[in-house]
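> Sharing a structure below in structure tokens format, with a few things to ask.
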Amino acid sequence: MSPHLSIKIGGEAGQGIQSVSRLLADMLQDVGLHVFAYQNKESRIRGGHNFVHMAAAVEPAFSARRDLDILICLDAASVSLHSDEVRENGLVLFDPDLVPEGPEGSKYFKLKFAAIAKEKAGSKVMANTVAIGAALAYAGMDFEILSAQLGRFFGSKGEDVVKGNIAAARAGYELAAEYLSHRAKFSFPEKKQETVMLSGAHAIAFGAIASGCSFLSAYPMSPATGIMEYFFAHREDLGLVAVQAEDEIAAINMAIGASYAGVRAMTSTSGGGFSLMVEGLGLAAITETPLVIVEAQRPGPATGLPTRTEQADLLFAIHASQGEFPRAVLTPGTAGQAFAAMSRAFNLAEKYQVPVIVLVDQYITDSIWTQEPFNLDDVTIDRGSLYAGSGDAAEYKRYALAADGISPRAFPGNPNALVYADSDEHDESGRITESAEVRISQVGKRERKFEGLVSEAAQPVLYGPEDYEELVVCWGSVLGAALPALDIYRAGGAKAALLHIEQAWPLTGSAVADAMKKAGRTSCVELNSIGQMARLIRAQTGLEFDRVILKYDGRPFLPEELAEELGKEAH
Amino acid sequence: MVSREDYGSFETAWCPGCGNFALLESLKTALAEAGIEPGKLLMVSGIGQAAKIPQYLRCNMFNGLHGRALPVATGAKLANHELTVIAESGDGCMYSEGGNHLSHAIRRNIDITCIVHDNQVYGLTKGQASPTSEPEFDSGTSPGGSHMEAHHPLALAIALDCGFVARGFAGDMEQLSQLIRDGIKHPGFALIDVLQPCVSFNGINTFKWYKDRVYKLEETDYDSGNRSIAFEKSLEWGGKIPTGVLYRASRNTFESSEPAIAKIPLVKREWNPQNLRSIVDKMK
């Protein structure tokens, strides 16, 4: 068996795929594996066909794998749609009562999940646990570990539920062990790695909260809703204010109001909501109010594919709004990077008094990730330049001209400062003006902050050999599939390295250009249809990629698929 | 002691004879009489001639986007509820562009006083119909009339059980400043719609037109505590127009249901990332 365990759990919406996969992920994490689980779901509450695509590995896993070791079918469609993805000697688990005409063959294992659960545990509700027991027997997990896990997982529901689930799991486990014992086993690690497991949405919210963000206003929109829900869940214990706004326009304006009044504030949305926020983005810019916006992309335009993934809002995020102003756009590649990006985002927003967009996607927010426990010592809070003057409060100049464009902030309620903020062009004190001279000086003041943002921009990260012949560039969440894809590609003889762009703006170009010039061939891999990063890099460096590898069907790249694309000569 | 002078005196960009002047003066009187120091007041406005009012006051101000005064005011109030927050703009800003925000700000019942300069016309963009224009109001964007029912902001507010619903008139500064003072004192969302003439673009609803029709509810035996009667009263228009407090009710404020700010304002919260230690441990 490969160094990773590749699992798919398919079924209808509402059948418990989420809870099965979460339980399975918890167990795999608990034996010391890294887990990644991508949610492939339709935009509906019941029915249809959804699946969770999971990888567990000793090394950190940021992507599912194409070839499956185990397919757990909770509906007939899973058998017909995904059986071909199961490798030779892999396992397709299904309930013949559910799929009476199911296929025959060595990889198919028929197990009456519901009937067994009813017989052994007294309730069909535990049918999914029977399937988990069988899957983990096949993978080679000790039953004691499985049983201890079930105790922990269902412990809060009472002893009967725990006992029932253990009985159900044992039944599935023993039947599978009996018939599948000849199969190769996955080698579970001897030493337990300490990890945390959570969705990307929760990692983002947690990163924001760790950085001292205490205010979130947002409107529910897939795939960003998990971020706001995390804030609501922790209002009381962490002292947060969360507001479900009436729309995204209100959401961004509320966050701006809160930030103006002195707290770290954010909003979260997807592309459609961000479209509504754009006027507010400009308001944050001209009033120089720090603001962090998380934009979790999904395929557009308009409603697009609401529950799927894409990277087609890059140029929009960089250019959104009328007028000109500096901003930063961060493009973390994993949940862990997204956690770290949040504290960077708040520090940049407050230091430069600009809007900062954290551009993620459904792949990051909806997936379940494990990673090393968050190191809170790494979280630094830099609130930027704050006004310390005294004297006549009316003399405070919120927009005082400064060499670096950064004028000290004061908050309303400060006895030494009256704070005037204006969406109109304004003078140094913040009062409305139409003076040509003041206009020029204030535009210049705001624009000078861009130089600071450039100096602090995160440089692209090179993965792989320094002496590469081919450079593959990606940004954001494509990192997850690109890392193993490059491993496969290199194993086939390619001398290739991966350059991941963690911050898309400001993109001054020199680091990317230097890396590209060293390569004999350059490729840009993106989840959109026009190659937005390739265009941005061309605009910033004048360099053209030899090829762009694009995907825009709403599904993420799988490493094997991407490796095959890389292996093709022409594009 | 706070005086009207503490709020400063500025040159304005308003037309001579505009109702805005009476609103500005009434507001200063109300603030002085309520003893609110300029440093503890935040004026939030949108865009329009009315929305320039914070520019002519010496106090904290956020002059934001057209229609968006209430969300900014909401965020600021939640961040620091020790501030007195007033959101002030015109009928186009609050009832048209910002109509959705008004409904939901009332539902939330956040402690903000919302003052609307209602002259039934768009002034700054030069004379188009506003949500409160009469159906027959003839303008560049409503030739021969808008043929739409005029907005009834006070009826809307009462329908949503807004705790303080009042109408003032720019021609009665004494009543108006009292209404503003009461609105500020009211714990929760207060809507004060202020009738005012637009001397440049509304030739129908003139100072005299209003003057001939308004009467004060406080001079009648009106009971502002009855929602059904208040709703009926809010629709009275044309021959006679009631001013004063149309409706009062007591509801919990939005702030009072936020556990994080029960003891101190959010802006005074102390934070250390290590506060999350136990959650990280639990995640493992």
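The values are calculated or read from the model by the stated rules, or taken from the named source; none is laboratory data. Keep in mind the model is a prediction, meaning the values are calculated, not measured. Glycine also receives a Cβ, built like all others from the backbone with ideal geometry; neighbour counts cover every protein chain displayed.
> Within the stretch A:365-406, can you find the residues that are under 26 Å from B:D6 (Cα atoms) and either in contact with a His (Cβ under 6 Å, 6 or more places away or on another chain) or surrounded by 13 or more Cβ atoms within 10 Å (Cβ to Cβ) (or both)?
Residues satisfying the conditions are A:Y387, A:G389, A:A393, A:A394, A:Y396, A:K397, A:R398, A:Y399, A:A400.
> Select the strands (runs of 3 or more DSSP E) contained entirely in the stretch A:27-110, then report the ones holding at least 1 residues which are under 30 Å from the mean Cα position of the chain (by Cα).
A:34-40, A:47-57, A:68-73, A:86-94
> Within the stretch A:418-434, is even one residue of a type in the set (F, W, Y), in the same structural domain as A:F339 (by TED's automatic domain parsing) and under 40 Å from the mean Cα position of the chain (by Cα)?
So the first thing to find is which residues in the stretch A:418-434 are of a type in the set (F, W, Y), and the list is A:420.
Keeping just the survivors that are in the same structural domain as A:F339 (by TED's automatic domain parsing) gives none.
Within the stretch A:418-434, not a single residue is of a type in the set (F, W, Y), in the same structural domain as A:F339 (by TED's automatic domain parsing) and under 40 Å from the mean Cα position of the chain (by Cα).
> Filter the stretch A:286-299 for residues that are closer than 14 Å to A:G430 by Cα and either among the acidic types (D, E) or in contact with a Lys or Arg (Cβ under 7 Å, 6 or more places away or on another chain) (or both) and give the result. Don't jump to the end; show me each part of the working.
Residues of the stretch A:286-299 closer than 14 Å to A:G430 by Cα: A:286-289.
Passing the criteria: only A:E288.
> Go through (1) away from chain B (no Cβ under 14 Å); (2) crowded, with 17+ Cβ neighbours inside 10 Å; (3) not aliphatic (A, V, I, L, M) one by one and return the number of the condition A:R431 breaks.
All conditions pass for A:R431, except number (1).
> If you don't mind, there's one more thing I want to ask. Can you tell me which residue is nearest to A:K157 (Cα to Cα) among those in the stretch A:87-132 that are touching a Lys or Arg at 6+ places or on another chain (Cβ under 9 Å) and aromatic (F, W, Y)?
Ranking the qualifying residues of the stretch A:87-132, first place goes to A:F113.
> Ok, one more. Restricted to the stretch A:526-548, and to residues that are touching a Cys at 6+ places or on another chain (Cβ under 8 Å) and surrounded by 22 or more Cβ atoms within 10 Å (Cβ to Cβ), which residue is nearest to A:D366 (Cα to Cα)?
Per the stated criteria, the residue is A:E526.
> Oh, and also: Find the residue count for the stretch B:222-280, including only residues that are more than 14 Å from every other protein chain (Cβ to nearest Cβ), assigned to a helix (DSSP H, G or I) and of a type in the set (S, T, Y).
2
> Are any residues in the stretch B:84-103 surrounded by fewer than 24 Cβ atoms within 10 Å (Cβ to Cβ) and either assigned to a strand (DSSP E or B) or not charged (D, E, K, R) (or both), and if so, which ones?
Within the stretch B:84-103, the first condition is being surrounded by fewer than 24 Cβ atoms within 10 Å (Cβ to Cβ), and the residues that meet it are B:84, B:95-97, B:99-100, B:103.
Those that are surrounded by fewer than 24 Cβ atoms within 10 Å (Cβ to Cβ) and either assigned to a strand (DSSP E or B) or not charged (D, E, K, R) (or both): B:T84, B:Y95, B:S96, B:G99, B:N100, B:S103.
> Within the stretch A:522-533, track down each residue that is over 11 Å from A:V512 (Cβ atoms) and within 23 Å of the chain's Cα centre (by Cα). Before you say what the answer is, go through the steps one by one.
So the first thing to find is which residues in the stretch A:522-533 are over 11 Å from A:V512 (Cβ atoms), and the list is A:523, A:525-532.
Matches in the stretch A:522-533: A:V525, A:E526, A:L527, A:N528, A:S529, A:I530, A:G531, A:Q532.
> Mind checking which residues of the stretch A:1-60 are among the aromatic types (F, W, Y) and under 16 Å from A:G200 (Cα atoms)?
A:F36, A:Y38
> Turning to a different aspect of this structure: Note down all Cβ pairs under 8 Å where the first residue falls in the stretch B:91-108 and is more than 17 Å from B:L124 (Cα to Cα) and free of Cβ contacts under 8 Å to residues at least 60 places away in the same chain, the second is buried (at least 24 other Cβ atoms within 10 Å of the Cβ) and of a type in the set (K, R), and they're at least six residues apart or on different chains.
Pairs found: B:H101/B:R68.
> When the residues of the stretch B:48-66 are filtered to those that are assigned to a loop (DSSP other than H, G, I, E, B), facing another protein chain (nearest Cβ under 8 Å) and touching a strand residue (DSSP E or B) at 6+ places or on another chain (Cβ under 9 Å), which remaining residue is nearest to B:P38 (Cα to Cα)?
B:C59
> Looking at the stretch A:289-339, which of the residues that are over 18 Å from the mean Cα position of the chain (by Cα) and among the β-branched types (V, I, T) is surrounded by the fewest Cβ atoms within 10 Å (Cβ to Cβ)?
Of everything passing the filter in the stretch A:289-339, A:T303 is surrounded by the fewest Cβ atoms within 10 Å (Cβ to Cβ).
> Residue under question is A:D467, and the condition is that it be assigned to a helix (DSSP H, G or I), surrounded by fewer than 19 Cβ atoms within 10 Å (Cβ to Cβ) and not assigned by TED's automatic domain parsing to the domain that holds A:D361; does it hold?
Against the criterion (assigned to a helix (DSSP H, G or I), surrounded by fewer than 19 Cβ atoms within 10 Å (Cβ to Cβ) and not assigned by TED's automatic domain parsing to the domain that holds A:D361), A:D467 does not qualify.
> Looking only at residues in the stretch A:223-261 that are closer than 19 Å to A:I357 by Cα and of a type in the set (D, E, K, R), which one is nearest to the other protein chains (Cβ to nearest Cβ)?
A:D247
> What number of residues within the stretch A:537-551 are farther than 25 Å from A:R308 by Cβ, of a type in the set (A, V, I, L, M, F, W, C) and not in a helix (DSSP H, G or I)?
2
> Going by what's in this entry, would A:G480 be described as at negative phi and either surrounded by fewer than 20 Cβ atoms within 10 Å (Cβ to Cβ) or aromatic (F, W, Y) (or both)?
Here the answer is no, as A:G480 does not meet what is asked.
> When you scan the stretch A:233-243, do you find a residue that is without any contact (Cβ under 8 Å) to a residue 12 or more places away in the chain, under 18 Å from A:A205 (Cα atoms) and either surrounded by 24 or more Cβ atoms within 10 Å (Cβ to Cβ) or of a type in the set (G, A, S) (or both), even just one?
From the stretch A:233-243, those without any contact (Cβ under 8 Å) to a residue 12 or more places away in the chain are A:233, A:235-237; that's our starting set.
Remaining after also requiring under 18 Å from A:A205 (Cα atoms): A:233, A:235-237.
From the residues that got through so far, the ones that are either surrounded by 24 or more Cβ atoms within 10 Å (Cβ to Cβ) or of a type in the set (G, A, S) (or both) too are A:233.
Yes, the stretch A:233-243 has at least one match.
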